[in-house]
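The block underneath contains the structure these notes are about, expressed in structure tokens.
Every read-out reported here was derived from the displayed coordinates using simple, explicitly stated rules and does not represent laboratory data. As the structure is a computational prediction, the values presented were derived from the model and not from experiment. Positions of Cβ are generated from backbone atoms using ideal geometry, with glycine treated the same way; all protein chains shown enter the neighbour counts.
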Amino acid sequence: MPYSGWVNWETWQMKIILDMNEDLDEVIQEKIKNEDVDRLSAEDMIKITSEYLSDYIYEQLPEVEFPWSAYFDSAINNVNWRELAEEHLKEWGFLTRKGRKRQTGPKEWSP
């Protein structure tokens, strides 16, 4: 069910969590820059970024026992990582607001 412009509550909540971590932006942007950005399509960039974001979160999850582990698993599995990745790539300047790949990369970055 849509929530605050996002596909669901879990994705919206994860966006807030990700936005609170300023280091994450730098780490993931650096990983993207290390890819051969010129050869990647917009869809490839979204896929790679969604993997980076979800991997980062899974690494941060605390060890918890049932029943709380079931709650965390359910919430994380409902996150739309693709939607988050696309929005982050737009914010970072890798994609245009319409989701197209920028020809020159982000404004503050020269490939």
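Computed values, structure above
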{"read-out": "Long-range amide H partners of residue 95 with built H, under 5 Å", "value": "90, 102"}
{"read-out": "Cα-based reach from residue 98 at 22 Å (exclusive), listing lysines while leaving out same-chain residues under 8 positions away", "value": "15, 33, 47, 90, 107"}
{"read-out": "Burial ranking of peptide ranges 84-93, 40-49 (average Cβ count within 10 Å, highest at the top)", "value": "84-93, 40-49"}
{"read-out": "In sequence order, calculated HN-Hα J values of the stretch 32-49 (Karplus, 6.51, -1.76, 1.60; Hz; x Gly/Pro)", "value": "5, 4, 6, 6, 7, 4, 4, 8, 7, 7, 4, 5, 5, 5, 5, 4, 4, 5"}
{"read-out": "The stretch 9-92: relative contact order as a whole-number percent, Cα under 8 Å and 6+ apart", "value": "49"}
{"read-out": "³J(HN,Hα), Karplus 6.51/-1.76/1.60, whole Hz, each residue of the stretch 83-89, x for Gly, Pro", "value": "4, 5, 4, 4, 5, 5, 4"}
{"read-out": "Cβ-based exposure ranking for 57, 76, in which fewest neighbours within 10 Å come first", "value": "76, 57"}
{"read-out": "Cα point-scatterer Debye curve for the chain, base-10 log of I(q)/I(0) at q = 0.14, 0.16, 0.23 Å⁻¹", "value": "-0.58, -0.74, -1.33"}
{"read-out": "Degrees, to the nearest 10: 9-19 long Cα axis against longest axis of the chain", "value": "60"}
{"read-out": "Computed label-point distance, nm, for sites residue 69 and residue 27 using a 7 Å Cα→Cβ extension", "value": "2.3"}
